[in-house]
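Derivation of every value follows stated rules applied to the coordinates shown; laboratory data play no part. All figures in this text were calculated on a predicted structure; none of them were measured in a lab. Don't worry about glycine lacking a Cβ; one is built from the backbone with ideal geometry, like all the others, and counts go over all protein chains shown.
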Amino acid sequence: MPDARGAGERITYLIANHNRGPFIAECLSSVRAQTSERWLAVIADDASTDGSLHAIAPFVDARTRLIVNPRNLGYIATLKRLIAEASTDIVAILDADDAISPDATQRLLRAYDADSRREFVYSRFAVYDAALESRGAVHGSAIPEGGTALLDGVVGAIRSFRRSAYSRTPGLDDTMLYAEDRDLVYKLEEVTRPVFIDAILYHYRDLPDSQSHDPRKRAIGARNTWRARRAALRRRHISGMARIGHELHAWADYVAYSRRRNATVHFVATQLAAVGRTLCLRHRVPPRQG
């Protein structure tokens, strides 16, 4: 059973692994290096063929559990299994080729401890090279009061949430490949207020096969992000001029992201996105929560 809400709660890191053998040990080492002991970890190996299980084995103990998919289920289905397998209410998604800062657990649980009504906490994240040595861009920002993740703020990693809040959403959608993170953020925002930690708690490893470098993944991710936004508009019953603004912003943002190498198209799409954003702000409809 999940821990009762209170100062003694723990967090479970959910780690979906498929053929990330060269990186998974560093990921798990970052969990073991936490300054707070109030953590657990569940690793789901999604039928890896690269020796990942050998790399994971030394880390399996009383606090780090390994489950193995008998066949490859895919990232989203594996995440769904991890959420179901967790024994704590508070969980956080950690990709197998990334890492977390030593104070991640302490800062995340401090945010939850401060108010038992908090159900969705996220932070800034930094982009690193393949060796996790050279830090690049930093992302993540707070959503302003009355704002929404559809327009305001970058709700990135680390994403932590209560499973009890997740259970009030439609859950992860297997069809939202490369956009499952944004889809989940939109859904959680509809049932609880996101809480932002102004600190870099997540280290994102930028690899050659990352979505930002793969045209096919970028195209799929852009299309599914557009779908996720439109699905959020339907769930929130946004209509009228606010709906028009959101639709225009979502479409233009999709074009700008997927056609970024065409300078003219990117520029026009960016301007149209700004027009859509202006319409949204004039006719703002906050997400329903609770």
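Mean residue ellipticity at 222 nm, helices only, the chain: -12000 deg cm²/dmol; runs of at least 4 DSSP H residues each add -39,500 (n - 2.57), and the sum is divided by the number of residues. Counting charges near I56 (Lys, Arg +1; Asp, Glu -1) among other residues having Cβ under 15 Å from its Cβ returns a value of -3. Take the Cβ atoms of S167 and D214, set R0 to 41 Å, and the FRET efficiency comes out at 0.80. So if the hydrodynamic radius of region 32-135 is defined as the Kirkwood radius over C-alpha pairs, what does Stokes-Einstein give as its diffusion coefficient at 25 °C and 0.890 mPa s, in µm² per second? So the translational diffusion coefficient is about 158 µm²/s.
Is the shape of region 163-209 best called rounded, prolate or oblate, per the rule: a/c under 1.5 gives rounded, else a/b larger than b/c gives prolate, else oblate, with a ≥ b ≥ c the square roots of the Cα gyration tensor eigenvalues? It comes out oblate by the Cα gyration axes.
Helix 215-235 and the long axis of the chain differ in direction by around 70°, with both axes built from C-alpha atoms.
If you fit an axis through the alpha-carbon atoms of helix 263-282 and take the longest principal axis of the Cα set of the chain, what angle between them do you get, 0 to 90°, nearest 10? The answer is roughly 80 degrees.
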